[in-house]
Structures are given as structure tokens and as C-alpha cells.
Amino acid sequence: MDSALAMRGRCLLKLGRFAEAEPCLRRCLAIRETKLPVDWSRFSAQSLLGGALLGQQEYAEAEPFLIEGYEGLKARVGAIPPEGRSNLSEAGERVFRLYDALDQPDRALALLRPEDRDALMPNGVAAFADPGP
């Protein structure tokens, strides 16, 4: 059941239906926190829920889900099957979008793996440097 909820929530996020995705992803996370508390899929669900909140511009509520989700996936990268590896880069992208929306890109840079930073910023970190007056 939790996999179906995650899939539905992910599809709703891709469609931009963030408010509709939120309760679905909350249920998914609740199941995974109980049944799979240290599994990578639990942290993926956290990040997806954070993405639903981010899409609704609920930044303060989204932040802990996004950070814990990304950090949990990052710590378990070796346990993520090949077909699920995109979950980590997608979680990194959500963290980046949060801090971009808050105009705090340095916070994202401090958290993201180098390969996630490179994928999100093909022009390099200098693209975010303050041009000054």
C-alpha cells in the first residue's frame, strides 16, 4: 500500500497538484515510519512530502521534511537499488528549490553532494555569486 501511495503522490507532484498530493504522502510516510523506519524509502517519502509542502509555498513546514529526507537518502545511497537512485538527486533538487525560493542558495550548497550541485548548477557555483553594486 505504501508503494502505491508514494507512486500516486509522486505523480500528483509532477502534475503540480501539491495540495492533493500532501495527504497521500503523509499516509505513505506514516506507514513507512512504522514499518520501515530506517529504510531509504522512508526518507524518500519524507522528501516527497516536503515537495508537496514546497509546492504550496509552506516553506517552514517543508524544510525539515526536505532536509531529513535528503540527508537520510544521502546516508543510505548504497542501499538504494539502481532503479531508485534518482530519488536522491530529486530530493537534492527539492532542497535546492526550497533555498532558492528563500533566496538562500548558500544553505543548499552546504547540504548538497557535489554531484547534485553540479547537476543543478551547470554554470557552477559562481552563477550564484552576488554581483555586487
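FYI, it's all coordinate maths here, none of it is from the lab. All values reported here derive from a predicted model rather than from experimental measurement. Cβ atoms come from the backbone with ideal geometry, glycine included; neighbour counts cover every protein chain shown.
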(message) Place a point 7 Å from the Cα of residue 83 along the Cα-to-Cβ direction; which residues of the range 3-39 have their backbone N under 18 Å from it?
(response) 3-11
(request) Report, to the nearest 10°, how far helix 18-35 tilts away from the longest principal axis of the Cα atoms in the chain, using its own Cα long axis and a range of 0 to 90°. (result) 60 degrees
(request) Go ahead and collect, in residue order, the members of the range 64-98 whose backbone nitrogen is under 14 Å from a label point 7 Å along the Cα-Cβ direction of residue 117. (result) 96
(message) To test your reading of the geometry: what angle, between 0 and 90 degrees and rounded to tens, separates the Cα axis of helix 2-14 from the longest principal axis of the chain?
(response) 40 degrees
(message) Quick check: from the Cα gyration tensor, does the range 2-123 come out rounded (a/c under 1.5), prolate or oblate?
(response) oblate
(request) For helix 59-75, report the angle its Cα long axis makes with the longest principal axis of the Cα atoms of the chain; keep it between 0 and 90° and round to the nearest 10°. (result) 80 degrees
